[in-house]
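Below is one structure, written out as structure tokens; the observations come after it.
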Amino acid sequence: MNGFDSGIHARRRALFMEQLGAAAAVIPAAALATHHADCEWPFRQESDFFYLTGFDEPDAVALLLPHRPEGERYVLFVQPKDPAAEVWTGFRWGTEGAVERYGADLAHPLDQLSEKLPEYLAGAEAIAFRVGRHTSVESMVLSAWGRQLDTYARTGTAALGLVAPTPILHRLRLRKEPHELERLREACRISSEAHELARSITRPGMNEAEVQAAMEAHFRSNGARGPAYGSIVAGGDNACVLHYTANTAPLQDGDLLLIDAGCSLEDYYNGDITRTFPVNGRFTAEQRELYSVVLEAQEAAVAVVAPGGTAEAVHDTALRILVEGLVDLGLLIGDVNGIIERGDYRHLYMHRTGHWLGLDVHDVGAYRLGEQPAPLEPGMVLTVEPGLYVSDRLSVPEGQPEIDDRWKGIGIRIEDDVAVTETGHEVLTAGALKSVAAMER
Ligand code: GLY
Ligand code: MN
Ligand code: MN
């Protein structure tokens, strides 16, 4: 179990405020989201808010106020203690807990935000707020700023503008601290075990849902909140639907099973793993050929993860090997460079090779810095997930061969989570096997 450490969040707030300069930041928590009627989805905190506060309740707002004196720089607005409400929806930390456990300098009930916001924002050079996401807090921020502008003649102070807190925050979140790498290792460990479990129980005639249930039971019984995203358990041709999450089909003898699933921990760090293996324990010749191409592409792409490399180079490395393999198998024809330049492979490989991973599964952070791809640095974590998807859904580009039926219904992806280290990389998901031999029994 992950113990709460308020120092971790305090250090992040200090770094964030250092870069904010004299701007005041307003960072809202997530609200509960309606599922249907008066039922709500399980609560999921806003990752930026969680990163800075560690506070895991809905309906809260954090103010970070570098322009205020020491002892008034971190203010939390939260749901106050209310025994009658807590009987229905559970424990709240209240304003006392916000100060004592979560380290706020000051805390108030959320319903005082609109009244108190103007005084806290007074004197800040700018207001850092992410517009467009939190309409009720946004209207309070705009109204407080509007009031400053209306009274400027008398006060001589008003914020010069609204600025975005997210570029600063997302630069911080992109490079993981040692503590975060530990948590990602844990999420990846549990997720890897679930993949090993899935392969060990899968037999022809089982339903995709049974495999999903076993994996998600493993997540929960090992302390995770549950799946980090809708688990994809896709037998046969279902694997060619990239976001297939129905998971309701029986598993057929002779098909592959593609599973893209990972857990989310109590503090929201995620695993994101894909493995593909034969339902009956033996690849067909075509499945083995394509699996070997994807595996070679994936391992080569993982190998270029290192400081100074780029996510773009990871993609380019995987893509070249996929295309070379498809040409060797006769699924594409022509010169490899030309196929890549024209995009003539996209009916078989239609997604990028990875994304940042952290508190969000598709984590924040820029992939490009203007014209240049962002260089990889120690502490960054990314997925490496090439695949091939052979189906009739997309038309074959002009000049490329029609696909023989023996290849159709084969969808393969192999996805690992990889941390950039000082000297190279660490595969966080190495516990989930992927060799051809390991996929067979
Ligand atoms: N599971 C989502 C992804 O692989 O990006
Ligand atoms: Mn992924
Ligand atoms: Mn995935």
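The values are calculated or read from the model by the stated rules, or taken from the named source; none is laboratory data. Since we're looking at a predicted model, the values are computed, not measured. Neighbour counts run over all protein chains shown; Cβ positions are idealised from the backbone, glycine included.
The rows are residues; the columns are (1) in contact (Cβ under 8 Å) with a residue 40 or more places away in the chain; (2) within 20 Å of ARG11 (Cβ to Cβ); (3) crowded, with 18+ Cβ neighbours inside 10 Å.
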position	(1), (2), (3)
GLU46	no, yes, yes
PHE50	yes, yes, yes
THR53	yes, yes, yes
GLU57	no, no, yes
VAL61	yes, no, yes
LEU64	yes, yes, yes
ARG68	yes, yes, yes
VAL75	yes, yes, yes
### Query
Going by the structure shown, is ASN222 polar (S, T, N, Q) and touching a Cys at 6+ places or on another chain (Cβ under 9 Å)?
yes
### Query
Which residues, counting only those in segment 341-356, are buried (at least 16 other Cβ atoms within 10 Å of the Cβ) and either more than 16 Å from ligand 2 (Cβ to nearest atom) or more than 28 Å from ALA430 (Cβ to Cβ) (or both)?
ASP344, TYR345, HIS347, LEU348
### Query
List the pairs whose first member sits in segment 354-376 and is in contact (Cβ under 8 Å) with a residue 24 or more places away in the chain and more than 18 Å from GLY271 (Cβ to Cβ), whose second member is within 16 Å of ligand 3 (Cβ to nearest atom) and β-branched (Val, Ile, Thr), and whose Cβ atoms are under 9 Å apart, counting only residues at least 6 apart or on separate chains?
LEU376/VAL314
#### Entry: Condition check for VAL418: within 16 Å of ligand 3 (Cβ to nearest atom) and either modelled with pLDDT of 95 or more or among the hydrophobic types (A, V, I, L, M, F, W, C) (or both)
yes
### Task
Out of ALA104, ALA62, report the one residue that is part of a loop (DSSP other than H, G, I, E, B) and at negative phi.
ALA104
### Message
What pairs come out if I take residues in segment 379-396 that are on the phi > 0 side of the Ramachandran plot and pair them with residues that are away from ligand 2 (no atom under 16 Å from the Cβ) whose C-beta lies under 6 Å away, six or more apart or interchain?
### Response
GLY379/ARG175; GLY379/LYS176
#### Entry: Hits in segment 270-324 - residues which are within 15 Å of ligand 2 (Cβ to nearest atom) and not hydrophobic (A, V, I, L, M, F, W, C)
ASN270, GLY271, ASP272, THR274, ARG275, THR276, GLN298, HIS315
### Query
Quick check: anything in segment 357-370 in contact with a helix residue (DSSP H, G or I) (Cβ under 8 Å, 6 or more places away or on another chain), modelled with pLDDT of 95 or more, of a type in the set (Phe, Trp, Tyr) and crowded, with 19+ Cβ neighbours inside 10 Å?
no
### Query
ARG413: closer than 30 Å to THR284 by Cα, within 16 Å of ligand 2 (Cβ to nearest atom) and modelled with pLDDT of 95 or more, yes or no?
yes
### Unmet requirement for LEU331, which otherwise passes all of (1) within 16 Å of ligand 1 (Cβ to nearest atom); (2) surrounded by 21 or more Cβ atoms within 10 Å (Cβ to Cβ); (3) part of a loop (DSSP other than H, G, I, E, B)
(1)
### Summary
For segment 1-50, the count of residues that are of a type in the set (Gly, Ala, Ser) and under 17 Å from ALA128 (Cα atoms) equals 8
### Task
Determine the pairs where a residue that is within 19 Å of ARG413 (Cα to Cα), located within segment 303-322, has a partner that is among the hydroxyl-bearing types (Ser, Thr, Tyr) with Cβ atoms under 6 Å apart, the partner being 6 or more residues away or on another chain.
VAL304/THR317; ALA311/TYR367; VAL314/THR353; HIS315/THR353; ALA318/THR353; LEU322/TYR349
#### Entry: Qualifying positions in segment 266-293 - aliphatic (A, V, I, L, M), within 19 Å of SER192 (Cα to Cα) and crowded, with 24+ Cβ neighbours inside 10 Å
ILE273
#### Entry: strands (runs of 3 or more DSSP E) (entirely within segment 385-441) containing at least 1 residues that are among the hydroxyl-bearing types (Ser, Thr, Tyr), closer than 21 Å to LEU242 by Cα and within 16 Å of ligand 1 (Cβ to nearest atom)
387-390
### Task
Could you list all residues from segment 416-441 that are away from ligand 2 (no atom under 15 Å from the Cβ), under 22 Å from SER200 (Cα atoms) and not basic (Lys, Arg)?
ALA430, GLY431, LEU433, SER435, VAL436, ALA437, ALA438, MET439, GLU440
